Amino acid sequence: MIKGDTIAEKYRIVECLGEGGTSAVYLAENIALNNLWAIKVLSKSSRWISFDVDEIGILKNLSHPMLPRIADLTEDSDNYYIVMDYFSGSNLLKIIECQGRISERTLLKWTKDILNVLRYLHSRTPPVIYRDLKPANLIVDDSDQLRLVDFGTARYYSDEISEDTVYIGTQGYAAPEQYGIGQTDQRTDLYSLGMTIIHLATGIHPVKLGSDSIRDSLRKAGITQNFIRFVLKLTQTDPLKRFQTCEKAIEELDRIMNPERQFLKNYIAKKAKKNFRGVIAIASVLPASGVTSLCLAIGKHLSDNKVNSVLVELNSSGDFNRMRQYLDELGEVKYQSDNRFETNNLIFYPNASDFGEVSRKGIDAVILDVGQLNAERKISQFNHADIRIVVCPCMPWKYDLFSECNKNIESSTKNEWIYAASVTQSYEGQKLKKLLGSNKLVLYSAVKNPFYLSIEEHKRIGTALNKICALAGK
């Protein structure tokens with residue numbers, strides 16, 4: 001095809017982006033909408049057409065920020081045409097050819113991104129095995145985001161098949177099992193990731209490393225020992241000696257990227273209080289006061305302290321389900337059903353009608369996200385908890401409104417409520433105490449990301465929670 005040719009009277013060819021043995025990819029413009037798309041042209045006469053058709057089936061069921069979406073599919077007597085997202089940018093092969101090897105700092109970030117998208121693919125039912133990970137199939141787009149393209153060799157994994165019938169991959173990146181030793185599985189992609197890292201780190205194609213060992217080549221490229229060990233484990237010839245899952249590889253990579261997290265685990269192990277049990281209800285009298293953020297921070301702190309915790313959404317905000325959708329797209333949802341999901345060692349119950357429907361088996365702490373106390377049912381649910389926390393607004397100009405709304409709420413157990421406020425100045429806390437007419441006010445510092453608490457944030461949340469428990473007599 002040449003510039004100006006049209007496909008299905010809808011798309012006009014702009015240029016050829018690349019050609020392979022069985023297909024070609026073109027940049028095309030939607031004639032009606034004037035936007036750009038990548039169109040993969042698959043010849044029906046190709047002896048590999050069954051694999052090409054598989055690519056269509058796989059891609060149409062995927063949704064992840066790093067992956068192209070299929071927008072349209074058409075055909076004529078000679079070809080299939082897959083219309084996909086167009087990522088404007090350069091692939092990593094061109095980048096290292098033009099700029100040389102990649103710094104370890106950038107490699108660590110890219111490795112984490114790739115592991116996350118592989119984890120997403122491997123978590124599908126059935127798992128999707130990519131099978132051709134290499135620099136040429138990774139694009140850094142114009143917004144500096146990494147994208148994974150070309151699913152021509154991807155396949156679904158089946159545990160009923162002992163070995164692949166067709167051996168596909170790229171020399172230098174393909175794992176030994178792709179050459180007839182056994183069936184490809186999740187560990188195959190991890191091997192290819194390791195070889196891709198080697199190419200990016202050294203600037204040398206894996207098949208051209210020569211007499212130098214991988215360890216020596218990485219050392220000469222200035223890669224640290226911890227990351228070298230990580231890459232060597234990815235590229236073990238025996239799949240049993242590699243990381244067995246992306247999850248395990250990510251855990252090890254996190255230790256390399258965040259050495260303070262290892263210290264944090266040791267700190268938590270020493271400070272852990274495994275005997276905590278109870279129901280903590282968190283609410284506010286004004287909307288948008290940070291209730292969900294505090295629920296997450298306390299839940300994550302308890303979970304990291306080996307306290308088995310669940311979070312229950314007793315409001316109609318829909319935040320938990322939006323959270324589930326976002327985390328699922330990133331492949332970070334470990335388990336999910338109609339009424340619950342699990343991520344980051346926390347169990348979530350979105351949009352629950354009552355916390356009595358939540359299973360307490362094996363659970364130490366139940367954290368209720370009650371939301372705004374604007375109905376009798378919510379106040380009743382709030383008062384049934386062992387510890388009741390009312391979140392104050394963080395904006396000082398809302399203090400008077402908060403105090404007025406709080407006074408209008410009638411509850412026989414109001415004297416047992418504990419107030420929590422994220423303030424930056426001590427005089428703000430003094431003003432709140434005066435307005436509330438209560439000494440049961442605990443000040444805390446807001447956290448940046450409640451799913452990933454730093455050592456200092458763990459200490460601050462732990463200190464605030466200890467004060468809350470003391471005020472509640474727990």
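The values are calculated or read from the model by the stated rules, or taken from the named source; none is laboratory data. Since the model is a prediction, treat every value here as computed from it, not as a measurement. Quick reminder, even Gly has a Cβ in these numbers, built from the backbone with ideal geometry, and neighbours come from all protein chains shown.
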**Message:** Take the conditions at pLDDT below 95 and either assigned by TED's automatic domain parsing to the domain that holds V117 or closer than 30 Å to N351 by Cα (or both) and apply them to K241. Does it pass?
**Reply:** no
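If you take the residues of the stretch 285-297 that are in a helix (DSSP H, G or I) and of a type in the set (S, T, N, Q), which of them is surrounded by the fewest Cβ atoms within 10 Å (Cβ to Cβ)?
Here is the first cut: in the stretch 285-297, the residues in a helix (DSSP H, G or I) are 291-297.
Going one step further and asking which of them are of a type in the set (S, T, N, Q), we end up with 292-293.
Details: T292: 21, S293: 18.
My answer is S293.
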**Request:** Looking only at the stretch 356-380, count how many residues are over 11 Å from N315 (Cα atoms) and touching a helix residue (DSSP H, G or I) at 6+ places or on another chain (Cβ under 9 Å).
**Result:** 4
**Message:** The conditions are (1) over 22 Å from S293 (Cβ atoms); (2) among the hydroxyl-bearing types (S, T, Y); (3) at pLDDT 90 or above, and Y427 fails exactly one of them. Which is it?
**Reply:** (3)
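Which strands (runs of 3 or more DSSP E) sit wholly inside the stretch 298-400 and have at least 1 residues that are among the small types (G, A, S) and touching a residue at least 60 places away in the same chain (Cβ under 8 Å)? Before you say what the answer is, go through the steps one by one.
Details: elements: 309-313, 341-343, 346-349, 365-372, 387-391.
By residue number, 365-372.
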**Item:** Test: residue in the stretch 187-202 that is in contact with a strand residue (DSSP E or B) (Cβ under 7 Å, 6 or more places away or on another chain) and either within 24 Å of Y120 (Cβ to Cβ) or not in a helix (DSSP H, G or I) (or both)
**Value:** yes
**Request:** Quick one: which strands (runs of 3 or more DSSP E) lie wholly within the stretch 1-44 and hold at least 2 residues that are in contact with a Lys or Arg (Cβ under 8 Å, 6 or more places away or on another chain) and either assigned by TED's automatic domain parsing to the domain that holds A136 or within 12 Å of V83 (Cβ to Cβ) (or both)?
**Result:** 23-30
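Residue by residue, here is whether (1) within 23 Å of Q381 (Cα to Cα); (2) acidic (D, E); (3) in contact with a helix residue (DSSP H, G or I) (Cβ under 7 Å, 6 or more places away or on another chain) holds:
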position	(1), (2), (3)
G290	yes, no, no
L302	yes, no, no
V312	yes, no, yes
F320	yes, no, no
R324	no, no, no
**Prompt:** Which ones in the stretch 153-193 are charged (D, E, K, R) and at pLDDT 85 or above?
**Reply:** E177, D185, R187, D189
**Tally, over the stretch 298-312, of residues that are more than 18 Å from M323 (Cα to Cα), charged (D, E, K, R) and surrounded by 18 or more Cβ atoms within 10 Å (Cβ to Cβ)** = 1
**Prompt:** Taking N308, is it under 30 Å from N439 (Cβ atoms) and among the polar types (S, T, N, Q)?
**Reply:** no
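Any idea which of A420, A446 is modelled with pLDDT of 90 or more, of a type in the set (G, A, S) and either under 20 Å from S303 (Cα atoms) or in the same structural domain as A375 (by TED's automatic domain parsing) (or both)? Even if it seems obvious, please write down each step before you answer.
Values: A446 fails: modelled with pLDDT of 90 or more.
Of A420, A446, the one residue that is modelled with pLDDT of 90 or more, of a type in the set (G, A, S) and either under 20 Å from S303 (Cα atoms) or in the same structural domain as A375 (by TED's automatic domain parsing) (or both) is A420.
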**Prompt:** Residue check: is A420 in a loop (DSSP other than H, G, I, E, B), of a type in the set (A, V, I, L, M), out of contact with any Asp or Glu (no Cβ under 7 Å at 6 or more places or on another chain) and within 16 Å of A283 (Cβ to Cβ)?
**Reply:** no
**Positions within the stretch 325-351 being surrounded by 20 or more Cβ atoms within 10 Å (Cβ to Cβ) and within 29 Å of C392 (Cβ to Cβ), in sequence order** = L346, I347, F348, Y349, P350
**Complete:** Cβ pairs under 7 Å, 6+ apart or interchain, first in the stretch 450-468 and assigned by TED's automatic domain parsing to the domain that holds N305 and farther than 17 Å from A421 by Cα, second of a type in the set (K, R) and modelled with pLDDT of 90 or more, ordered by first then second residue, are F451/K300; L453/K300
**Asked** Looking at T125, T106, which is the one that is among the hydroxyl-bearing types (S, T, Y), assigned by TED's automatic domain parsing to the domain that holds H205 and in a helix (DSSP H, G or I)?
**Response** T106
**Request:** Return only the number of the condition from (1) modelled with pLDDT under 90; (2) buried (at least 18 other Cβ atoms within 10 Å of the Cβ) that K271 does not satisfy.
**Result:** (2)
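Within the stretch 401-410, track down each residue that is surrounded by 13 or more Cβ atoms within 10 Å (Cβ to Cβ) and assigned to a helix (DSSP H, G or I).
Across the stretch 401-410, the qualifying residues are L401, F402, S403, C405, N406, K407.
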